[in-house]
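For reference, the structure discussed in these notes is given below.
The values are calculated or read from the model by the stated rules, or taken from the named source; none is laboratory data. Since we're looking at a predicted model, the values are computed, not measured. Cβ placement follows ideal geometry from the backbone for every residue including glycine, while neighbour counts extend to all protein chains displayed. For the accessible areas, the whole protein counts, side chains as well, though only heavy atoms, and no ligand, DNA or RNA atoms are used. Shrake-Rupley method; radii C 1.70, N 1.55, O 1.52, S 1.80 Å.
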Amino acid sequence: MDFDAILEDVGTFGKYQKLIIYLILLPAVIPCGFHAYAQLFMAADVKHWCRVPELEPLANTELIKNLSIPLELRNGKFEYSQCNMYDLNYSDIMKNYSEIVNLDKSAEITQCQSGWVYESTTYKSTVVTEWNLVCTKDFFPTLGLVILAVGGIIGNYIFGYLQDSIGRKPSFFIYLAIECVFGVATAFAQNYVIWFVYRFGVGFTVPAIMATPYVLAIELVGPKYRTLCTILSNIAYSLGLISLAGVVYLVRDWRHLALATTLPFAIFFLYIWPMPESPRWLLARGQFEKAEAILKNMARMNGKSLPANYMVHLRRKYESDKLKQDLEKEKSRKYGIMDLFRTPNLRKKTIIITFIWFTNTSVYVGLSYYAPVLGGDEFLNFFLAGVVELPTYMFLWPSMERLGRRWTLCMSMVVGGIACLTTFLVQHETNVTLALYCVGKMGISSAFVVLPLMASELYPTVVRGLGMSLSSVLGMLGPIFIPIVNYLGSDIMVLPLIIMGALLVAGGIASLLLPETLNQHLPQTLEDGERMGLDTDFCCNPPVKETKTPLKQETKDKLNQTNCKDCNALCTCQMINVTLNEDVATIIDKNNDQVEFIVMK
């Protein structure tokens with residue numbers, strides 16, 4: 001049954017959908033980025049140096065570092081070492097430090113012997129400072145981000161199964177409970193290993209918790225408004241990143257931060273009553289009674305007047321269509337992932353889409369992760385990383401409609417990639433680097449919206465779900481790999497930006513190998529998918545939106561004189577009210593029959 005046709009009768013984007021989307025679904029998206037990025041500040045790297053107990057009576061921190069800590073060249077500047085100290089007799093130095101004019105800096109250098117001293121001006125407490133995850137253990141915070149991403153891949157796969165088997169709404173609240181339990185438990189972790197396990201539990205829900213609001217939104221509206229819902233969901237997500245910048249600025253203790261970024265999710269348990277199940281899913285699973293209740297409520301709130309026997313005919317059509325589908329399903333072949341690679345053209349498109357998806361996911365997450373360590377005020381950097389996403393949505397939709405998906409995707413990625421690569425030339429100019437970083441973030445934010453839409457228009461219907469799942473799952477390998485890239489940039493700050501810029505440019509160029517999908521019919525079969533884009537021109541001109549040519553008056557007159565019998569087009573079925581004449585009404589009364597009419601027109 002075509003649910004979009006039903007939406008035409010009950011309202012494609014009326015008061016019902018607006019209330020559900022604006023008051024329930026979009027607010028549920030806003031904090032979805034909290035757990036994805038709060039860990040950057042929870043396990044933030046804090047400036048530190050070797051602790052020398054003998055020198056602690058000195059009040060002057062700069063003097064202590066000057067007496068005990070050697071200088072090292074980092075990112076083009078000499079800074080105090082974070083893991084080494086001079087091997088000297090500090091008891092003697094302490095007795096005679098007032099008489100020392102020039103300390104002998106040729107002494108041997110050794111690793112820290114008595115722990116570390118942490119700067120406390122930015123953070124009150126982090127995972128790093130509490131468990132000394134520095135020097136030989138400085139990879140442990142990065143490992144925490146990796147396990148967060150691994151949990152996300154596993155959780156997203158299981159969530160997809162739950163969402164399709166038990167429904168969108170129950171799956172959402174199951175994952176919400178898991179996220180709240182592990183999020184709160186994080187705040188009470190007693191050591192790194194326990195914290196590590198809890199972060200896996202949180203990561204298990206991070207990508208999936210946003211899926212239900214997004215899927216419900218696009219399943220409740222007609223095709224015309226799905227892109228709008230996609231853009232609104234991305235705007236809500238960006239607002240969440242901006243809000244997180246405010247939260248981490250106010251909360252500088254990592255345990256309090258774990259609670260502050262988890263408790264907002266507990267509010268969503270109040271949605272267990274007003275949040276509807278997807279009527280589209282209910283019909284697909286054969287739960288007509290529940291779908292009927294939602295559709296009636298939708299029509300009532302949208303001000304749509306339905307015929308008295310509308311639901312009766314809808315049920316009959318549903319049962320008839322279901323029977324036909326069951327028969328066709330028995331006869332139809334099963335499609336698998338190998339069908340995506342069986343023919344050359346579809347294989348090429350699958351590989352390119354998957355590569356671009358991996359590139360986009362890696363760079364988007366990587367740039368978001370990299371904001372706090374970019375230099376300058378880390379809270380301001382993260383705030384700007386969220387703010388710069390908002391302007392992209394203003395011109396994104398008109399650009400997709402005029403230039404097409406292909407060129408919008410290409411330009412977004414190439415411009416963002418060039419901005420990231422250019423940071424190599426200005427790596428010692430913090431403000432210029434930050435500006436180029438923001439341009440790169442704008443580019444990847446645009447690409448991240450265009451790619452799923454374009455991919456859904458390129459994969460044939462019979463393997464569309466398989467194709468989208470394969471590309472997105474392989475794309476999610478990026479957040480596993482990208483924290484390691486950022487870790488490598490601890491000594492060369494712009495190195496991660498160069499790597500991510502190269503990935504973006506490569507993905508942008510690869511997008512030109514895909515066919516344009518604007519104003520094109522969606523491919524239905526594997527044969528359609530194979531034919532689509534065989535004549536792709538690497539540098540084709542941007543598509544021009546189709547316009548209807550006005551008919552001449554002579555043509556209109558001929559069309560008006562055309563007999564209806566000459567029309568061979570199949571028309572849609574509509575239910576209308578019919579007034580019966582007296583003769584027919586008399587026959588019905590005599591036979592005491594209840595007759596329902598469906599008029600084909």
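Only Cα pairs under 8 Å and at least 6 apart count here; give the relative contact order of the range 303-445 as a rounded whole percent. Contact order relative to length: 21 percent. Here r is the Cβ-Cβ distance between residue 253 and residue 528 and R0 is 60 Å; the resulting FRET efficiency, rounded to 0.05, is 0.55.
When 121, 205, 61 are compared by accessible surface with a 1.4 Å probe, the order from highest to lowest is 121, 61, 205. Protein heavy-atom surface of the range 198-273, 1.4 angstrom probe: 74% of the accessible area is carbon and sulfur, with nucleic acids and ligands not counted. Summarising the label geometry, the points placed 7 Å from Cα in the beta-carbon direction at residue 342 and residue 272 lie 4.6 nm from one another. Note on residue 19: accessible area is roughly 70 Å² with a 1.4 Å probe, heavy atoms of protein only. Phi-derived couplings, Karplus 6.51 cos²θ - 1.76 cosθ + 1.60 at θ = phi - 60°, listed residue by residue for the range 45-58: 7, 10, 4, 8, 8, 5, 7, 10, x, 5, 8, 4, x, 6 Hz, with x used for Gly and Pro.
The dipole here belongs to the range 281-391: it is taken about the Cα centre, uses +1 on the Cβ of Lys and Arg and -1 on the Cβ of Asp and Glu, and is about 920 debye. Given their separation in residues at 0.36 nm each and the Cα-Cα distance between them, residue 119 and residue 377 gain 91.4 nm when the chain is fully extended. When the Cα gyration tensor is reduced to axis lengths a ≥ b ≥ c, the ratio a/c is 1.5 or higher for the range 312-411, and with a/b above b/c it is classed as prolate. Evaluated at q = 0.13, 0.24, 0.28 Å⁻¹, the base-10 log of the normalised Debye intensity for the range 442-518, with identical point scatterers placed on the Cα atoms, takes the values -0.51, -1.25, -1.39. Exposure check, 1.4 Å probe, all protein chains in place: residue 142 carries approximately 20 Å² of accessible surface. Sorting the segments 189-200, 343-354 by their mean number of nearby beta carbons within 10 angstrom, highest to lowest, gives 343-354, 189-200. Paramagnetic label reach from residue 197 (point 7 Å along Cα→Cβ; backbone nitrogen cut-off under 20 Å): within the range 246-281, residues 255, 258-259.
Using the Cβ-Cβ distance between residue 8 and residue 184 with R0 set to 60 Å, the FRET efficiency works out to roughly 0.85. As an exercise, use a Förster radius of 41 Å and the Cβ-Cβ distance of residue 513 and residue 22 to find the FRET efficiency, rounded to the nearest 0.05. For R0 = 41 Å, the calculated efficiency reads 0.55.
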